[in-house]
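The values are calculated or read from the model by the stated rules, or taken from the named source; none is laboratory data. This one's a predicted model, so the numbers in the text were calculated from it and none came from an experiment. So basically every Cβ, Gly included, is an ideal-geometry build from the backbone, and we count neighbours across all protein chains shown. Surface areas here come from the heavy atoms of the whole protein model, side chains and all, with no ligands, DNA or RNA. Shrake-Rupley method; radii C 1.70, N 1.55, O 1.52, S 1.80 Å.
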Amino acid sequence: MRICLLGEFDVDLDEAMRKTAYYLYKHLSRGHKVLKLDLRDIFSFSFWRTLKDFRPSIVHYVSGSSLKSFMILKLISGVFNAKSIISIMRPTFSRFSLQIIRFFRPDVVIVQSPETEKKFKSLGFNTIFFPLVGIDLEKFHPSLKDEKDALRADFNLREGDFIVLHIGSIKKGRNLKWLIKLQEFDDIQVVIVGAVSQGIEEKMLNELKNAGCIIWDKYFENIELVYALADCYAFPVVPKENLIGKSKADCIDMPLSVFEAMACNLPVVSTKFGGLPQIFEEGDGLIFVEDIKEFVEAVKYFKDSDTMIKTREKVRIYSWSLVSRRIEDVYKKF
């Protein structure tokens, strides 16, 4: 197959859509002709010249989440008579844009949650639920106690604290105030790594800092080291929409940080966000919560108990090599 991937490339891999584009290219290239094109170059002559020379049979908009994404994909696939596939990673559609999208229908829409699947099926789109996130299981792995202690010393974290980690953009829409509640406990330290490329809301940042949360608002090339020093991963994001129907959560429907934490065999406390409860069963170190009370109680449970953690087993089937094989099947089917 001659596959053209449209997304963001040659950038810091500090958020899920960038990682998805990078790893899909890396693994699909082993068995197919694959062209990666950065959409920031779409108005350049070289962008279109490269496409013309490549002659794609499939065009996959890897991180598509807007009306503009559908329009670009329709234009490129139409010009080159190629199959068009779009991945809805982080939905940002108003009710109005969903109606306009009808006129830019691709061959396949890949969605990450039942809610997004319902929206696009109601529009008559050829829609499939497919967890298009993966894990580098060699990079993300459980840490030994000696390694954890050494890392905490390197990062100047207080010995004996129960470290609760969250990774993602620092914005009000992500419901980060639940993490402030955890910080009220003397023996719990919340550590947040902010996705700098997604922007930071200063008011939310200051609230978290004033509460005592430790904020690292920079890019970590070796982010696996941050997971390795943690005791628990917390994901408090809840789905919310603004007045015109756009999501306020600023998060993809299949949060990659949850997968990475589980690959490191951390206990995970998460809301029932997006497609997570669709593919993961509770238990073995994973707890889904409905409200802030359950959230705090679940974190305290992991802090105070010696329960067996087997979250890594839950994500083994989402290695990038296996995800890439499954996306190949999607390409062939349609």
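Summary table
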read-out	value
Index of the failed condition, ILE327 passing every other in (1) in a helix (DSSP H, G or I); (2) open to solvent by 80 Å² or more (accessible area, probe 1.4 Å); (3) within 27 Å of TYR23 (Cα to Cα)	(2)
Test for LYS310: is it more than 27 Å from LYS26 (Cβ to Cβ), basic (Lys, Arg) and either touching a Ser or Thr at 6+ places or on another chain (Cβ under 6 Å) or open to solvent by 60 Å² or more (accessible area, probe 1.4 Å) (or both)	yes
Of the criteria (1) at pLDDT 90 or above; (2) in a helix (DSSP H, G or I); (3) buried (at least 19 other Cβ atoms within 10 Å of the Cβ), which one SER84 fails	(2)
The lone exception for PRO277 - which of (1) modelled with pLDDT under 90; (2) over 22 Å from VAL190 (Cβ atoms) it fails	(1)
Filter pass, LYS121 being surrounded by fewer than 19 Cβ atoms within 10 Å (Cβ to Cβ) and within 25 Å of the chain's Cα centre (by Cα)	yes
Scan of region 253-272 for residues that are more than 18 Å from ARG316 (Cβ to Cβ) and open to solvent by 10 Å² or more (accessible area, probe 1.4 Å), ordered by number	ASP253, LYS272
Any hit, region 143-150, residues being within 25 Å of the chain's Cα centre (by Cα), among the small types (Gly, Ala, Ser), crowded, with 18+ Cβ neighbours inside 10 Å and not in a loop (DSSP other than H, G, I, E, B)	no
Residue that is most open to solvent (accessible area, probe 1.4 Å), among those in region 171-194 that are outside any helix (DSSP H, G or I) and farther than 20 Å from VAL226 by Cα	ASP186
Exclusive hit being touching a helix residue (DSSP H, G or I) at 6+ places or on another chain (Cβ under 6 Å) and either touching a residue at least 60 places away in the same chain (Cβ under 8 Å) or assigned to a strand (DSSP E or B) (or both), set PRO106, PRO91	PRO91
Of the criteria (1) crowded, with 18+ Cβ neighbours inside 10 Å; (2) touching a residue at least 40 places away in the same chain (Cβ under 8 Å), which one TYR22 fails	(2)
The one condition in (1) in contact with a Ser or Thr (Cβ under 8 Å, 6 or more places away or on another chain); (2) open to solvent by 60 Å² or more (accessible area, probe 1.4 Å); (3) in a loop (DSSP other than H, G, I, E, B) that TYR301 fails to fulfil	(3)
Hey, ASP231 of a type outside the set (S, T, N, Q), at positive phi and open to solvent by 30 Å² or more (accessible area, probe 1.4 Å) or not	no
Odd one out for ILE279 among (1) open to solvent by 10 Å² or more (accessible area, probe 1.4 Å); (2) in contact with a helix residue (DSSP H, G or I) (Cβ under 8 Å, 6 or more places away or on another chain)	(2)
Among the residues listed as ILE110, ILE101, the single one being over 20 Å from the mean Cα position of the chain (by Cα) and at pLDDT 90 or above	ILE101
Where a residue in region 46-73 is in a loop (DSSP other than H, G, I, E, B) and its partner, wherever it lies, is hydroxyl-bearing (Ser, Thr, Tyr) and open to solvent by 20 Å² or more (accessible area, probe 1.4 Å), with Cβ under 7 Å and at least six apart	SER65/THR92; SER66/THR92
